[in-house]
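Throughout, read-outs are computed from the coordinates displayed, never taken from laboratory work. Nothing here was measured: the structure is a model prediction, and the numbers come from that model. Note that we place each Cβ from the backbone using ideal geometry, even for glycine, and neighbour counts take in every protein chain shown.
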Amino acid sequence: MATYTETPVRELPFIAGAPREPHSTTTFEAVNPANGEVIAHVADCDAVDIDRAVQASVAAQREWMSWDAGRRVGVLLRFADAVERHRDVLGETDTRNMGRVLREAQGDGAASARLIRYWAGQVDRMTGHQIPANPGHLSYTTREPLGVIGVIMPWNGPVGSFCSRVAPAIACGNAAVVKPSEMSPLSALRLAALLSEAGAPEGLVNVVTGGGATGAALAEHPGVGGVTFTGSVPTGRRIAHAAAETFKKTVLELGGKSPNIVFEDADLDAAGRGAVWGVFNNAGQVCVAGTRLLVQRSIAPAFIEQLARRAERIRVGDPMDAKTHMGPLASRQQFERVSHYLQIARDEGARVLSGGGRPQGAHSDGLFVEPTVLTEVSQSMRVAREEIFGPVLSVIVFEDEEEAVSLANDVEYGLSANIWTRDLGRMHRMAERIQAGTVWGNTMRLHHPTLWFGGIKASGQGSAYAEGAIEGATRVRRVTIRFDETAPMPAWNDLNV
Ligand SMILES: NC(=O)C1=CN([C@@H]2O[C@H](COP(=O)(O)OP(=O)(O)OC[C@H]3O[C@@H](n4cnc5c(N)ncnc54)[C@H](O)[C@@H]3O)[C@@H](O)[C@H]2O)C=CC1
């Protein structure tokens with residue numbers, strides 16, 4: 001596998017087991033957001049390329065499912081080993097492509113290997129049930145793959161997104177066509193090559209690069225049986241509409257505006273560290289980022305002050321440097337979006353307690369924004385309600401449990417929530433009343449392959465993890481066979497014509 005010591009010039013889609021010349025002749029640039037350097041020219045694939053990838057997937061899926069389960073397990077385990085072995089170069093690819101700090105990007109490979117091994121363990125557990133319904137009959141269900149899954153990816157954690165979507169899809173017996181985000185397409189191409197080297201049939205996982213039009217062609221393709229999408233709410237809605245036309249199953253992991261609720265009796269040191277890491281990690285470009293800090297009035301002044309000091313200590317800069325805590329935003333589009341929201345915050349009357357601008361000494365072509373804490377935020381402001389997807393924390397003060405629940409739920413999203421309190425009764429009451437797919441108590445962002453992860457309300461439907469991912473990637477068939485000729489027949493049998 002190539003390492004990025006030299007600048008790659010041209011990146012081709014990975015179809016049927018190899019990089020292929022695309023039908024489309026247009027390209028887009030992959031840019032390093034830390035310094036503006038163009039690192040690759042990437043094929044902007046069209047509907048013909050998508051069709052080729054789907055055809056390759058259809059053939060590969062048949063072959064995949066003709067194999068003994070043990071052989072499929074072997075492929076997934078070798079793929080996991082390869083991801084672990086190549087985690088440094090995969091991480092470096094993501095860091096150069098979307099600005100995540102190197103240490104974390106490389107950590108993604110290790111976590112992904114663990115996740116792939118979990119899915120390797122599920123391959124021969126796609127079982128159905130035998131149901132004792134009618135005497136003299138055998139009724140059973142089988143769980144079957146959908147065929148080809150379209151995977152439409154975001155840009156904020158490319159290695160993790162690829163592995164967490166592709167591993168369940170193929171473990172459930174499907175093939176996949178992956179459309180990585182145009183902002184960070186490179187690591188997906190490397191991962192598809194690693195999977196091929198691990199022994200997957202040619203075409204089991206294809207990567208077709210491009211933007212929204214390429215994604216739309218995938219979501220609309222009649223040969224695709226299911227779509228798993230991670231990204232914004234408007235695009236999620238468009239994909240759900242497109243998928244409905246051909247009755248595809250969808251798993252949608254959309255935006256968030258997750259509340260981070262700190263009560264006066266919490267471990268305030270842990271809550272403070274969690275609040276800062278939970279919103280500024282990956283420059284805030286995380287679906288479950290705790291972007292709304294709800295803090296109880298009695299502790300608010302001291303807690304907010306503590307946060308601002310912590311935020312000021314975050315080292316922003318070159319994401320390849322091991323001392324850096326926070327890199328740039330992933331793309332110019334994202335940089336402009338976050339800058340626009342900072343202007344909205346000022347116009348709406350929020351106070352910029354810390355940050356709010358470009359960090360000193362940052363590369364002049366880099367897309368850096370300081371970790372920003374906004375206070376005097378009210379619930380009606382856009383910065384309290386809309387997903388910014390950047391290093392911006394909006395702080396809102398509450399009086400009591402009742403008000404905390406009401407503020408937490410008063411947004412269109414419902415992806416995750418964090419609660420900090422030592423009162424376990426309150427913890428459980430809150431966990432029950434908060435509208436979110438995931439609630440973390442006295443911790444944040446703790447994921448596990450065995451745990452459901454999905455949103456409610458505008459944050460999506462289904463789960464990309466655990467049993468939810470199996471639901472999203474398979475369908476159930478029921479079979480009923482009358483094996484005893486003396487067993488009663490249904491009423492139609494009385495109509496003896
Ligand atoms: N919750 C999350 O994890 C994420 C949230 N977002 C939110 O979305 C905002 C905008 O980011 P974008 O990258 O523009 O998000 P997006 O939702 O437009 O893009 C995500 C993926 O969908 C593809 N896509 C775009 N239009 C499509 C269409 N009509 N049909 C099929 N696929 C399509 C894109 O090419 C990309 O691969 C962010 O600022 C953030 O608020 C973005 C990425 C991840």
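Here's the picture: a label point sits 7 Å out from the Cα of residue 65 along the beta-carbon direction, and within segment 141-169 the residues with their amide nitrogen under 15 Å of it are 142-150, 169.
Where does each of 228, 142 land when they are ranked from fewest to most other beta-carbon atoms within 10 angstrom? Could you put the intermediate results ahead of the total?
Working: 228 28, 142 14.
Ascending Cβ contact count within 10 Å gives the list 142, 228.
Only Lys, Arg, Asp and Glu carry charge here, each on its Cβ (+1 for the first two, -1 for the last two); on that basis segment 259-441 has a dipole of about 500 debye about its Cα centre. Toward the positive end of the charge dipole of the chain, with +1 on the Cβ of Lys and Arg and -1 on the Cβ of Asp and Glu, the farthest Cα among 129, 355, 311 is that of 129. Pull up the cross-link candidates among the aspartates and glutamates for residue 257, meaning alpha carbon to alpha carbon under 14 Å and not fewer than 8 places away within one chain. Straight-line reach from residue 257, under 14 Å: 386, 387, 410, 412. Annotation: for a label point projected 7 angstrom from Cα along Cα→Cβ of residue 297, no residues of segment 417-442 have a backbone N closer than 13 Å.
With neighbour counts taken as other beta-carbon atoms within 10 Å, the residues 440, 277 rank, fewest first, as 277, 440. In a simple Cβ point-charge model (Lys, Arg +1; Asp, Glu -1; nothing else charged), the chain has a dipole of about 460 debye relative to its Cα centre. What range in the chain is the longest one free of trypsin sites (Lys or Arg not before Pro) that are in a loop by DSSP and have at most 15 other Cβ atoms within 10 angstrom? The longest such stretch corresponds to 1-314.
Placing +1 on each Lys and Arg Cβ and -1 on each Asp and Glu Cβ, with no other charges, gives segment 287-340 a dipole about its Cα centre of roughly 160 debye. Partners of residue 179 within straight-line reach, counting lysines whose Cα lies under 24 Å from its Cα and excluding those fewer than 8 residues away in the same chain: 248, 249. Secondary structure note: in segment 259-441, about 15% of the DSSP beta bridges are antiparallel.
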